[in-house]
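Chemist: There's a structure below that I have some questions on.
The values are calculated or read from the model by the stated rules, or taken from the named source; none is laboratory data. Computed from a prediction, not measured in an experiment: that's the story for all the values here. Positions of Cβ are backbone-derived with ideal geometry, glycine not excepted, and every protein chain shown enters the neighbour counts. Accessible surface is based on the protein model in full, side chains and every heavy atom, while ligands, DNA and RNA are left aside. Shrake-Rupley method; radii C 1.70, N 1.55, O 1.52, S 1.80 Å.
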Amino acid sequence: MKITQIRNATIIIQYAGKTFLVDPFLADQGAYPPFPNSVRQDQMNPLVGLPLPIEQIVDVDAVIVTHLHLDHYDEAAIQRLPQGIKMFVQNEADAAKVAEDGFEHTEVLKQDTTFGDIQLVKTKGEHGRGEILNLAGVVCGVVFKHPDEPTLYVAGDTVWYEEVGQTIRTHRPDVIVVNGGDNQFLQGGSLVMGKDDILEVHKAAPEATIVSVHMEAVNHWTLSRAELKAFVQEKNIASQVLVPNDGESYTFERAVMNCEQA
């Protein structure tokens, strides 16, 4: 298994002979206005460019869209992804929108979805806490399983809450990808995981390797890579929590669960 951080929540996963693109946010740097009612109102999104040529990023077998927020599925993705590619989405409403955008092979993730001989399990998430959930909407994550690969849990746009712990207990993932930028509006609190959420993930899965993405790419981030690295160092879990730069890759093997950085 190889995980490559592209930008924000956009990652490429090579798993059991298949290549997946997760949450394609593919616009040029500065293409969109800043998210309102948040910090950095003078900075256009995305804050940074893509680390790889877009032709390389979209050369995949399937795409997983955890939800339809702009920074997970944008107009550039609609224009640049092949219309015949396999698209996995979280529910029928998202499937209808993605089909309307011209994609011909759209499937709703379930508990027993398969792609080739890979099992894909849709998981729940909460995109914030309290009243902000009414604005943030429904999201999902996904667990990847295959006999020859580490079990991978891509948590998606969620904070730490009991359902994340339940997913960990049920599937016992070897690797967990969290969206860890602690993105926020000026009111309502965290929309995705902050450093204390990530610590809770580690407590629930102390043997797992955590990879924190969704950092420093859109204007409403509040947790930097440097701050998270300092925090996990302070908590003596730096070897278990990886904080990749855009374009950086990690390779994991089931037999030994060693992580190689590229």
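Chemist: Roughly how many percent of the accessible protein surface of the chain is carbon and sulfur, given a 1.4 Å probe and a whole-percent answer? Before the final figure, lay out the partial values.
Modeler: Working: 5130 of 10970 Å².
That fraction is 47 percent.
Chemist: So how strong a dipole does the chain carry about its Cα centre when Lys and Arg Cβ are +1 and Asp and Glu Cβ are -1, to the nearest 20 debye? Please report the intermediate quantities before stating the final value.
Modeler: Values: 20 positive and 37 negative charges, 99 e Å.
The dipole of the chain has a size of about 480 debye.
Chemist: Residues of the chain: accessible area per residue at 1.4 Å, in Å²?
Modeler: 42 Å²
Chemist: Still on this structure, I have one more. With unit charges on the beta carbon (Lys/Arg positive, Asp/Glu negative), name the residue among ALA208, PRO51, GLY181 whose Cα is farthest towards the positive pole of the charge dipole of the chain.
Modeler: After comparing all options, I get ALA208.
Chemist: Another one. Find out how many positive minus negative residues lie around THR123, taking Lys and Arg as positive, Asp and Glu as negative, among other residues whose Cβ is under 14 Å from that of THR123. Let's see the in-between values first.
Modeler: Details: positive: LYS110, LYS122, LYS124, LYS145, ARG169, ARG172; negative: ASP112, GLU126, ASP157, GLU162, GLU163.
Within the 14 Å Cβ shell, the charges total +1.
Chemist: What list of ³J(HN,Hα) values in whole Hz, one per residue of region 54-64 in order, does the Karplus curve 6.51 cos²θ - 1.76 cosθ + 1.60 (θ = phi - 60°) give from phi, with Gly and Pro shown as x?
Modeler: These are the phi-based 3J(HN,Hα) values: 4, 4, 6, 5, 8, 8, 9, 8, 7, 10, 10 Hz.
Chemist: For VAL211, which sequence-distant residues (separation of 5 or more, or a different chain) have an amide H within less than 5 Å of its own amide H, given hydrogens modelled in the peptide plane?
Modeler: Counting only residues 5 or more places away or on other chains, the set is ILE176, VAL177, VAL178, LEU242.
Chemist: A further question follows. Mind ranking 153-162, 168-177, 45-54 by how tightly packed they are, going by the mean number of other C-beta atoms within 10 angstrom, highest first?
Modeler: Top to bottom by mean Cβ count within 10 Å: 153-162, 168-177, 45-54.
Chemist: Let me ask you something else. Lys and Arg at +1, Asp and Glu at -1: add these up for the other residues within a Cβ distance under 10 Å of TYR161 and post the number.
Modeler: For residues surrounding TYR161, the net value is -3.
Chemist: Read through the labelled values [x] 104; [y] 116; [z] 139 and report the label of the one computed as volume of the Cα convex hull per residue in Å³ from the structure.
Modeler: Label [y] holds the value from this structure.
Chemist: Over region 46-200, what is the percentage of antiparallel beta bridges among all DSSP beta bridges, to the nearest 5?
Modeler: On the way: 13 of 24 bridges.
Roughly 55 percent of the beta bridges in region 46-200 run antiparallel, per DSSP.
Chemist: Using the structure shown, list the pairs from LYS97/LYS145; LYS124/LYS145; LYS97/LYS124 with a Cα-Cα distance above 24 Å, or answer none.
Modeler: Values: LYS97/LYS145 28 Å; LYS124/LYS145 17 Å; LYS97/LYS124 20 Å.
Cα-Cα > 24 Å for LYS97/LYS145; rest within.
Chemist: Compute the convex hull volume of the Cα atoms of region 26-140, divide it by the residue count, and report the result per residue in Å³ as a whole number.
Modeler: Once divided by residue count, the hull of region 26-140 is 124 Å³.
Chemist: Residue farthest toward the positive end of the dipole of region 145-262, with Cβ of Lys/Arg at +1 and Asp/Glu at -1: which of LEU228, ALA155, LEU199?
Modeler: It is LEU199.
Chemist: Also, I was wondering about something else. Which ³J(HN,Hα) values in Hz, rounded to whole numbers, follow from the phi angles of region 148-161 under the Karplus curve 6.51 cos²θ - 1.76 cosθ + 1.60, where θ = phi - 60° and Gly and Pro get x?
Modeler: 9, 10, x, 6, 10, 10, 9, 6, x, 7, 9, 8, 5, 7
Chemist: Also, quick follow-up: Hey, can you grab everything whose amide H is under 5 Å from the amide H of ASP74? Only 5+ residues off in sequence or another chain; H modelled, so Pro and N-termini drop out.
Modeler: LEU26
Chemist: For GLY49, what is the net charge nearby, where nearby means another residue's Cβ is under 10 Å from its Cβ and Lys, Arg count +1, Asp, Glu -1? Walk me through the numbers on the way to the answer.
Modeler: Working: positive: ARG7; negative: ASP28, ASP246.
Around GLY49, the surrounding residues sum to -1.
Chemist: For region 1-137, calculate the relative contact order in percent as a whole number, restricting contacts to Cα pairs under 8 Å that are 6 or more residues apart. Mind dumping the intermediate values first?
Modeler: Numbers: 232 pairs, mean separation 23.3, N = 137.
Averaging sequence separation for qualifying contacts and normalising by length gives 17 percent for region 1-137.
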